[in-house]
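Here is the structure we will look at, set down as structure tokens.
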Amino acid sequence: MPGTSVAGSYAALMRRHGVARTFGLALAGRLTYGLLPLTLLFTVQQATGSFATAATAGALNGFAALSMPVKSRAIDRHGQRVVLPLIAVTAAVVLGSGVVLARSGVTAAPAWWALGLAVGLASPPLGPCMRAQWRALVPDHRVPAAYALDAVGEETLYLLGPVLAAGLLAVAPAYAGLPVAAVLLVVGAAGLAASPVAAGIHVPVPRHAGAGPLRHRRFRGLLGVMAAVGAVSATIYAGIAARALAAGHPSYAGLSEAGVACGSVIGGLVWGRLRPSWTWRQSLTCLLAFLGATLLAASLVDPYGPFTASLAFAGLALSPTYVVAYRASDLLVDRAEVVEAGTWVNTATNLGISLGGAASGLLVGRAGAHAPTWAGAVIALAGVAMIVGRRGPAADAVTGARPPRRASDRSG
């Protein structure tokens, strides 16, 4: 049965030496990314009595996350065992200072803004570090399946994190979530640092790497596409909220978001199993075309139920898009730059999410609740045009079958 073979494929990955422990601990650390936004927001709001102050602290936290590529470059140069625990301990100290501020009754906005900024600056890049380890933990031809499992795990954490935050908020002050986040980050970083392959994935940095992976033209093109993907994601969730409000049932938004997440999880698992032998350009072209077509269909649907179903169908393309992007980033940069490159993929996506979210808010005010969804379709199809318009060698990245061997590839 197909479902059984898919499950067996991923089970075989987890049985490899060191995989289950490393991946499990890394996921525990990455749970923080779903837990922390709500925890930080309500900690600041409860301390200051101002939602505006809390939102500003959250925005500064997001802005400071742009420092992730810098931390990733340090990890590429000095190794995960050296740098990652230092960053995680620093993050734990910063989160602990938030507890001290809250319990001390500090209400000054600048203090909480500084905390939000510091949390973002200190957050460790656990996701890119785990993907770097996947490349050493599994054979090269199994990396796409490993990335699919990783993307599905991360998607699940973004569902569980807010649920955990809500549970903590129901029984304790908001700042109680900060030490929980600190412990999770330290556990995740320790798990990655203790991995049997953590020391072996460190490689010398080339002398010409001053600009890092951004000096590679095709990699910059990939980042442009992923910024578009981030913008599309923002329009999906903005469209869900706007349509739910327009229908008079805000609670529907939660069901619709869960539908998109379920579609993404299914799509990621199936994609990792199929591993089509396409270049990254071909893969992203097909995925974005599918995403654009399904969003266009969703924008034309009025009843909320079919709208939700259409979005869940569109969600099938989300996780595979990240799987392809992360694998492409491995192959478009030098071997010593893979952690930083993966972090740049996340950074470009987050930038697209920020811009797409802001634009969606304006669109709803000017063109109505349907506007974000059709805007997402337009952006996705523009991403297709962006890929088709940039020519390159067919060997840029093969996302399914084993890629051509080259100096920048990491063998399994």
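Inside the stretch 301-313, can you point out the residues that are out of contact with any Gly (no Cβ under 7 Å at 6 or more places or on another chain), free of Cβ contacts under 8 Å to residues at least 60 places away in the same chain and not hydroxyl-bearing (S, T, Y)?
Once the filter is applied, which keeps residues that are out of contact with any Gly (no Cβ under 7 Å at 6 or more places or on another chain), free of Cβ contacts under 8 Å to residues at least 60 places away in the same chain and not hydroxyl-bearing (S, T, Y), the stretch 301-313 yields V301, D302, P303, G305, P306, A309.
Quick check: anything in the stretch 164-173 outside the structural domain of T279 (by TED's automatic domain parsing), at pLDDT 85 or above and surrounded by 22 or more Cβ atoms within 10 Å (Cβ to Cβ)?
yes
Go through the stretch 250-328 and tell me which helices (runs of 4 or more DSSP H), entirely inside it, have 2 or more residues that are β-branched (V, I, T).
Ranges flagged: 252-274, 280-299.
Please pick out the residue among A54, A47, A20, A12 that is of a type in the set (G, A, S) and under 23 Å from N350 (Cβ atoms).
Testing whether each residue is of a type in the set (G, A, S) and under 23 Å from N350 (Cβ atoms) leaves just A54.
Residues being surrounded by fewer than 15 Cβ atoms within 10 Å (Cβ to Cβ) and β-branched (V, I, T): count how many of those fall in the stretch 153-163.
Here the count works out to 1.
Anything in the stretch 100-116 that is within 16 Å of A182 (Cα to Cα) and buried (at least 17 other Cβ atoms within 10 Å of the Cβ)? List them, or say none.
L101, A102, L115, G116
List the number of the failed condition for A228; all other conditions in (1) buried (at least 20 other Cβ atoms within 10 Å of the Cβ); (2) farther than 30 Å from T279 by Cα hold.
Going through (1) buried (at least 20 other Cβ atoms within 10 Å of the Cβ); (2) farther than 30 Å from T279 by Cα one by one, A228 breaks only (2).
Residue by residue through the stretch 118-129, note down the ones that are hydrophobic (A, V, I, L, M, F, W, C) and either touching a residue at least 60 places away in the same chain (Cβ under 8 Å) or buried (at least 24 other Cβ atoms within 10 Å of the Cβ) (or both).
V119, L126, C129
Look through A194, A181, A132 and report the one residue that is farther than 25 Å from G315 by Cα and in contact with a Ser or Thr (Cβ under 6 Å, 6 or more places away or on another chain).
A181
From the list A358, A367, A394, which one is of a type outside the set (S, T, N, Q), surrounded by fewer than 18 Cβ atoms within 10 Å (Cβ to Cβ) and modelled with pLDDT under 80?
None of the other options fit; the residue is A394.
What single numbered condition from (1) closer than 30 Å to V143 by Cβ; (2) out of contact with any Cys (no Cβ under 9 Å at 6 or more places or on another chain) fails to hold for V339?
For V339, the failing item is (2).
With respect to the numbered conditions (1) modelled with pLDDT under 85; (2) assigned to a helix (DSSP H, G or I), which one is the sole condition not fulfilled by R402?
In the conditions (1) modelled with pLDDT under 85; (2) assigned to a helix (DSSP H, G or I), R402 misses (2) alone.
Taking A132, is it touching a Lys or Arg at 6+ places or on another chain (Cβ under 9 Å), assigned to a helix (DSSP H, G or I) and either surrounded by fewer than 24 Cβ atoms within 10 Å (Cβ to Cβ) or not assigned by TED's automatic domain parsing to the domain that holds T349 (or both)?
Yes.
Would you check which residues across the stretch 232-291 are among the hydroxyl-bearing types (S, T, Y) and either surrounded by fewer than 20 Cβ atoms within 10 Å (Cβ to Cβ) or within 18 Å of the chain's Cα centre (by Cα) (or both) and list them?
Within the stretch 232-291, S233, T235, Y237, S251, Y252, S264, S277, T285 meet the criteria.
Considering each of A28, A64 in turn, give the residue that is assigned to a helix (DSSP H, G or I) and either modelled with pLDDT of 90 or more or surrounded by fewer than 14 Cβ atoms within 10 Å (Cβ to Cβ) (or both).
A28
The values are calculated or read from the model by the stated rules, or taken from the named source; none is laboratory data. What you see is a predicted model; the values in this text were computed from it and never measured. Using ideal geometry, Cβ is built from the backbone for each residue, glycine included, and neighbour counts are taken over all protein chains shown.
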